[in-house]
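Take a look at the structure below.
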C-alpha cells in the first residue's frame, strides 16, 4: 500500500543518510499516516490520512 495521504496527496520525501565519514546512502521520510473513519461525500469511510491533515481540521471524523 502506498504511503500517500488520501486528503492532501502528500507522499514520502527522499534524501540522503550521511555518516560521519560522509558515506552517502539513500533514505526516505515517511508520513505519519493514520487509518481514520471519516465522512467522505456524506458517507462514513475508512481512509488513510496524515496527522497534519487531522490536526488542521481537513478531515471530518465519524463518531
Kirkwood estimate for the chain, i.e. one over the average of 1/r between Cα atoms, Å: 13.4 Å
Computed [θ] at 222 nm, helices only, for the chain once each DSSP H run of length n ≥ 4 contributes -39500 (n - 2.57): -2000 deg cm²/dmol
Label-point gap, in nm, between residue 18 and residue 51 - each point 7 angstrom along Cα→Cβ: 2.7 nm
The chain - percent relative contact order, Cα under 8 Å, separation 6 or more: 30 percent
Distance between modelled label sites at residue 10 and residue 41, nm, 7 Å Cα→Cβ extension: 2.6 nm
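Coordinate-derived values only; no laboratory data. Since the structure is predicted, the reported quantities are computational estimates derived from the model, not experimental observations. All Cβ positions, glycine included, derive from the backbone under ideal geometry; neighbour counts span all protein chains shown.
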